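The values are calculated or read from the model by the stated rules, or taken from the named source; none is laboratory data. These figures come from a predicted structure and were not determined experimentally. Note that each Cβ is placed from the backbone with ideal geometry, even for glycine, and that neighbours are counted across all protein chains shown. Side chains are part of the model used for accessible areas, which takes the heavy atoms of the whole protein and leaves out ligands, DNA and RNA. Shrake-Rupley method; radii C 1.70, N 1.55, O 1.52, S 1.80 Å.
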Amino acid sequence: MDRDIEFIIFGEDWGRHPSSTQHLISVIAKLYPVYWINSIGLRQPQLQAKDIRRVIEKLMAFIRRSVIADTETSSTNLKKIIKPLVWPLARSKTMKYINKRLLATQLPQKRQYRVLWIALPSAIEYIELCQADLIIYYCGDDFSALTGVDHAKAIQAEQTLSIQADLIYVANRQLMARFPKHKTHYLPHGVDIHLFQSKQECPPAIGREKINIGFYGSLNNWLDYELLQQLALARPQIQFYLLGNKDCPQVQQLQNENIHLLPAIPHHQLASYLQHWHAAILPFINNQQIKMCNPLKLREYLAAGCPVISSDFKAAEEYSPLVSIATTQLEWLSAIDRITQLNPQQVAEYKQKAYQCVQDDSWEIRIEKIIHTIQKIRCSTGE
């Protein structure tokens, strides 16, 4: 394997949440030098408390910018996290010029064949600064449907990026038609098989003697809170655990005694909850964002061998019948009753089938395919 390759990544803020890009790049960083550029946002900041806090956050991060030195990344080739001080989706020529000058001072000197990996289309303004030999656009989301995004600007940037990119990877088959066919590849999300298969102690927050059902992830406006409340009322003997940041006011309506709202926990601790739940759920509302989503947690649920119940969307349907699809409250309750009444042998059989379903979906296998394609392109161009 050629090792004289370096990667520059335009992604979200490193460590902010365990995205598919961060999982993929964590594997790449074991093989090649990686420079990660923190988020260049997908909408113009507004004069509101949340945006003002975010701007201050970015300013302080820029002031404290430094080379990576924590134990989690010291064994990899993740050389530096670049914390850019740029205004998101700048519109004036003056602001765009200032943004480019600021970022240019932070970029590393090019030393070898350089791959530019873009996970956010707002990076389109900075491609020329990077001296890339190969440009990859990794489309992990449908930016035209995401909440809190300047949709018009994001789509415009993505269209330009799709022309300039040498390779395009999409995490959802439904996004394939959006890009040039000859350079677009389907790259479904992976999973850390070892983490979710390894035996974990039951966390103190979980009542081991009770029937437990859980969800982890952002508690945002794409969850069906009315459904959750009705399920908890209908099955008071079952404990419902929701792990994650409370990112919308609707969460406050969940006042049921058997609904437990727990804070977000580090990714490496999630398996300890999953392995001690009787079922894991994806209780999403029906909107365009969910129709186009492909949640990482779906494969993690399966890798842990935890039976899954989900709202109806394309990515979940692909794993039926291992994933029980429910569209009404009655269907949800029926699935819950069936799964929580499985005997030990049936549970063991489910675990085996679930593992077999995702055993070839590791992040390492995903990266092997990407690196092979990069090397093939590089050879064909004589680089």
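Protein chains only, probe 1.4 Å: how do CYS248, CYS379 rank by accessible area, largest first?
Details: CYS248 15, CYS379 100 Å².
The most accessible residue leads, giving CYS379, CYS248.
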Excluding PRO236 itself, what net charge comes from residues whose Cβ is under 14 Å from its Cβ, given Lys and Arg +1 and Asp and Glu -1?
0
Per DSSP H run of n ≥ 4, the term is -39500 (n - 2.57); total these for the chain, divide by its residue number, and report the mean residue ellipticity at 222 nm rounded to 500 deg cm²/dmol.
-10000 deg cm²/dmol
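Looking only at Cα atoms, what is the convex hull volume of segment 226-376 per residue, in Å³?
Details: hull volume 20.8 nm³, N = 151.
Dividing the Cα hull volume of segment 226-376 by its residues yields 138 Å³.
Kirkwood hydrodynamic radius (Cα pairs, Å) of the chain? Before the final figure, lay out the partial values.
On the way: mean 1/r = 0.0448 Å⁻¹.
For the chain, inverting the mean 1/r across all distinct Cα pairs yields 22.3 Å.
Using a 1.4 angstrom probe on heavy atoms only, work out the carbon and sulfur share of the accessible area of the chain in %. Working shown, then result.
Values: 9480 of 18610 Å².
About 51 percent, which is the carbon plus sulfur part of the accessible surface.
Ranked by accessible surface with a 1.4 Å probe, highest first, in what order do SER320, SER26 come?
Values: SER320 70, SER26 45 Å².
Descending order: SER320, SER26.
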What percent antiparallel are the DSSP beta bridges of the chain, to the nearest 5?
5
Please work out the Cα center distance from segment 125-147 to segment 234-313, rounded to the nearest Å.
30
Probe 1.4 Å, all protein chains in place: accessible area of GLU125 in Å², nearest 10?
60
GNM on the chain, C-alpha springs below 10 Å: top fluctuator among ALA271, ALA165, ALA205?
ALA205
Between ARG208 and THR373, the FRET efficiency computed from the C-beta separation at R0 = 56 Å comes out, to the nearest 0.05, as 0.75
At 7 Å along Cα-to-Cβ for each site, give me the label-to-label distance between ASP312 and ASN221 in nm.
2.5
How much accessible area per residue does the chain have, counting only protein heavy atoms and a probe of 1.4 Å, in square angstrom?
49
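All other residues with a Cβ under 14 Å from the Cβ of TYR225 taken together, and with Lys, Arg as +1 and Asp, Glu as -1, what is their net charge? Display every interim value, and only then the final one.
Details: positive: LYS246; negative: ASP224, GLU226, ASP247.
Taking every Cβ under 14 Å from that of TYR225, the sum is -2.
Any idea what the relative contact order of segment 287-364 is, in percent, if you count C-alpha pairs under 8 Å spaced at least 6 apart?
Values: 67 pairs, mean separation 26.6, N = 78.
Once divided by the residue count of segment 287-364, the mean separation gives 34 percent.
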Using a 1.4 angstrom probe and counting only protein chains, how large is the accessible area of LYS96 in Å², to 10?
70
Please provide three numbers in whole Å: the alpha-carbon extents of segment 335-383 along the principal axes, with the largest listed first.
61, 18, 10
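Order the following by accessible area, largest value first: CYS130, CYS293. Probe radius 1.4 Å; ligands, DNA and RNA are ignored. Please report the intermediate quantities before stating the final value.
Numbers: CYS130 0, CYS293 25 Å².
Per-residue accessible area, sorted high to low, gives CYS293, CYS130.
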Using protein chains only and a probe of 1.4 angstrom, how many square angstrom of ILE259 are accessible, to the nearest 10?
20
